[in-house]
Amino acid sequence: MAAYENLYWWSNDGLRLHARDYPGGEEGQPPIICMAGLTRNARDFDALAARLAGRWRLIAVDFRGRGESAYAKDPMSYVPLTYVQDVEALLTDQGIDRYIAFGTSLGGIVTMLMAGPSRGRMMAALLNDVGPEIDAQGLSRIRGYVGKASVFPTWMHAARCVSENNTDVYPDWQIEDWLAMAKRLYRLNSSGRIVLDYDLKIAEPFRVPGNEAGPDMWQALGSLRDVPTLIVRGGRSDLLSAATAERMAASLDQAELVTVPGVGHAPTLSETMLEEPIDRLLVRALEGAAIRA
């Protein structure tokens, strides 16, 4: 596990929010703001932080209702535009004027929505297996599991359940991989039981008819037109189609598209084949920061 410090800040509506702050980088170097998927948390980025240790500062965010961030009193605040406000509050709290955004799934949606207001501040972006259009099959799958409680007596029981539900996503994984994933997704509660590490009420916005309608995400993506962007797609993804990923890459001036074969939704960003593309993106971010300095 990479070394980190706990970072806390307050949302506009008074929630105490948390992130893992992995130190690194030179003075003036933009940090990487890492944002996870719908039911995930800051722990998803530990392997990436370990690889970049010392060279980059990573701030891995626990969205409200996840990990060590407080649960919201109003479950209808569990929506992307609120997460944008929460991350903007983090940037203000830390005095961060330029940054790089890495977003997986929901985190990628937040990244796209932040791109417009952050024009000139977002030095590069990584969109992990998400785009302006979400395939109905993947959305249906997510609705099928989000917000449903599961409790286990041991970590091995949790790992076996995670394996059964995600074999199509990571067909080559072994039990140690599933155990590691279980420890990212679950936590040990005060009763010694292993439970999901998120507020089950994050599912409530999904149950509101018509709530699928939101901002024009193609317009949001367009704000990244001149920003170095790495689009990562799982070759087996049921959320981001190959056609949508290719259209995304074609619509941006500085985009690179990388497909991770044999992986569904979503790549972990620790895959060996992603190391060079991520490093290239970070070099381009530094070059852009130097030009704008």
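Where a number appears in this text, it was derived from the coordinates with a stated rule and is not lab data. Nothing here was measured: the structure is a model prediction, and the numbers come from that model. Don't worry about glycine lacking a Cβ; one is built from the backbone with ideal geometry, like all the others, and counts go over all protein chains shown.
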Inset, instruction - Could you calculate the contour length gain from residue 85 to residue 154, that is, 0.36 nm times the residue separation minus the distance between their Cα atoms, to one decimal place in nm? - result: 21.1 nm
Inset, instruction - Please work out the Cα convex hull volume for the range 53-125 and give it in Å³ per residue. - result: 107 Å³
Legend entry - Added length on full extension, which subtracts the Cα-Cα distance from 0.36 nm per residue, residue 250 to residue 92: 53.6 nm
Legend entry - Inter-label distance, nm, simple model (7 Å from Cα along the C-beta direction), residue 272/residue 143: 4.0 nm
Inset, instruction - List the relative contact order of the range 14-91 as a percent without decimals, with contacts defined as Cα pairs under 8 Å and 6+ residues apart. - result: 37 percent
Inset, instruction - Could you list 34, 161 in order of exposure, starting from the residue whose Cβ has the fewest other Cβ atoms within 10 Å? - result: 161, 34
Legend entry - Label-point separation, residue 290 to residue 190 (7 Å along Cα→Cβ), nm: 5.4 nm
Inset, instruction - With a length cut of 20 Å (Cα positions projected on each helix's long axis) and a Kyte-Doolittle mean of at least 1.0, go through the chain and give me the DSSP H helices that pass. - result: none
Inset, instruction - Starting from the Cα of residue 3, step 7 Å along the direction of its Cβ; do the same at residue 242; then give the gap between the two resulting points in nm. - result: 4.5 nm
Legend entry - Scattering curve values for the range 153-219, log₁₀ I(q)/I(0), Debye with Cα scatterers, q = 0.12, 0.14, 0.20, 0.27 Å⁻¹: -0.49, -0.61, -0.84, -1.09
Inset, instruction - Provide the convex hull volume over Cα atoms per residue for the chain, in Å³. - result: 123 Å³
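Using Cα pairs closer than 8 Å and at least 6 residues apart in sequence, work out the relative contact order for the chain, in percent.
This gives 19 percent for the chain.
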Legend entry - When the range 7-161 is reduced to its Cα atoms, the Kirkwood hydrodynamic radius in Å: 16.4 Å
Inset, instruction - For a quick protection proxy, order the peptides 244-251, 107-114, 263-270, 186-193 by their average other-Cβ count within 10 Å, most packed first. - result: 107-114, 263-270, 244-251, 186-193
Legend entry - Helix-only [θ]222 nm of the chain, DSSP H runs n ≥ 4, -39500 (n - 2.57) each, per residue, nearest 500: -10000 deg cm²/dmol
Legend entry - Ordering of 13-25, 145-157, 41-53 by packing [mean C-beta count within 10 Å, highest first]: 41-53, 13-25, 145-157
Inset, instruction - Quick one: check the C-alpha center-to-center distance for the range 228-293 versus the range 10-27, whole angstrom. - result: 25 Å
Inset, instruction - Show which aspartates and glutamates lie in cross-link reach of residue 148 when reach means a straight Cα distance below 18 angstrom and same-chain residues fewer than eight apart are skipped. - result: 164, 197, 199, 204
Inset, instruction - Starting from the Cα coordinates of the range 87-242, work out the convex hull volume and express it per residue in Å³. - result: 146 Å³
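So for 74, 62, fewest C-beta neighbours within 10 Å to most, what's the order?
Working: 74 10, 62 24.
Ascending number of Cβ neighbours within 10 Å: 74, 62.
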Legend entry - Sorted by Cβ neighbour density within 10 Å, fewest at the top, the residues 61, 227, 130: 227, 61, 130
